[in-house]
1. Tell me which strands (runs of 3 or more DSSP E) are completely within the stretch 1-58 and hold 3 or more residues being loosely packed, with under 11 Cβ neighbours inside 10 Å and not charged (D, E, K, R), or say none if there are none.
2. Could you tell me whether LEU81 is outside the structural domain of VAL13 (by TED's automatic domain parsing) and of a type outside the set (Ser, Thr, Tyr)?
3. Cβ-Cβ under 7 Å, sequence separation 6+ or interchain: first residue in the stretch 108-122 and surrounded by 11 or more Cβ atoms within 10 Å (Cβ to Cβ), partner aromatic (Phe, Trp, Tyr) and in a helix (DSSP H, G or I). Which pairs?
4. Between a residue in the stretch 14-28 that is in contact (Cβ under 8 Å) with a residue 24 or more places away in the chain and any residue that is of a type outside the set (Lys, Arg) and in a loop (DSSP other than H, G, I, E, B), which pairs come within a Cβ distance under 6 Å, given they are 6 or more apart or on different chains?
5. With the structure loaded, tell me whether SER67 is surrounded by 13 or more Cβ atoms within 10 Å (Cβ to Cβ), in a helix (DSSP H, G or I) and free of Cβ contacts under 8 Å to residues at least 60 places away in the same chain or whether it fails that test.
Amino acid sequence: MRETIHKGSNLFVCYPGYSDYRHIPVIGKGVTFQLPGSPDRWGMMCEADLKEVYRRRSLSFELMKTSLLTLIVVTGAGFLLQRFSGLPQNWLYLLQVLLLAAGALCFRSFGPRRLAARMQEMTDLVRTIAEGEGNLAQRTASAAEDIRNRVEGLQSATRQAVEFMESDVRNVDDGLRLTEEASSENLHLHRTVERMFEIIKQLNQQSLDYGQTVRSVDLASREMSQSVDVLRSSSELVRHTENQLPQLVGQFSVSERATKK
């Protein structure tokens, strides 16, 4: 830590290491840095136990060692049973099968399961160091649940919006259909009104023709009335003349007699 603060960066991996607060030899590396715009200077260190660093812990070697030990024990037990037990061959076969099953259980218990437990401990340790008291798995599950709820809410809102849009489209279609029907009815009414106006024009023209005919008839009637009046006057004159004709004839006869005398 002193050299890291002094140099800004320090790596110490030499044997036998240096003692930490537990008085255990460790090795490590430290760096210092300063964030842009910040007056503070920060440091970060990483340490490891010297024993853990240099101890060989190959997983393949551990598994091979456990499997070889199990195989030797099972094979030796089977050889001893065949050599010294004196049991029938069928019983020996059955015992060998039982030994193989027991060896498999022992290998599972002292091999992969133990290594899995150690890896789980290391994983828990790393997670505790990285997360502190929190649990990333639980927080991730909670975040995933929150995201799922939000997605479901968004899907529900989207579904409602789609339903509203479909309803609006149906209403618009109905309005267009009603508009088309009303337009068709208006066109029919317009044509009917046009035909009515044509009929009214024809009636008006016929009325004008009838009026002209009536005026002509009235004029002819007046002329006929005048002619009838003239004829009536002529008839009266003729009648008067006829009435006077016998008197004139009588006067003419009296005058003729007087002349002869």
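The values are calculated or read from the model by the stated rules, or taken from the named source; none is laboratory data. All figures in this text were calculated on a predicted structure; none of them were measured in a lab. Here the Cβ is made from the backbone with ideal geometry for all residues, glycine too, and neighbour counts use every protein chain on show.
1. Filter on the stretch 1-58 gives 42-49.
2. yes
3. Nothing qualifies.
4. PRO25/PRO16; PRO25/GLY17; VAL26/GLY17; VAL26/ASP20; ILE27/VAL13; ILE27/GLY17
5. For SER67, the condition - surrounded by 13 or more Cβ atoms within 10 Å (Cβ to Cβ), in a helix (DSSP H, G or I) and free of Cβ contacts under 8 Å to residues at least 60 places away in the same chain - is met.
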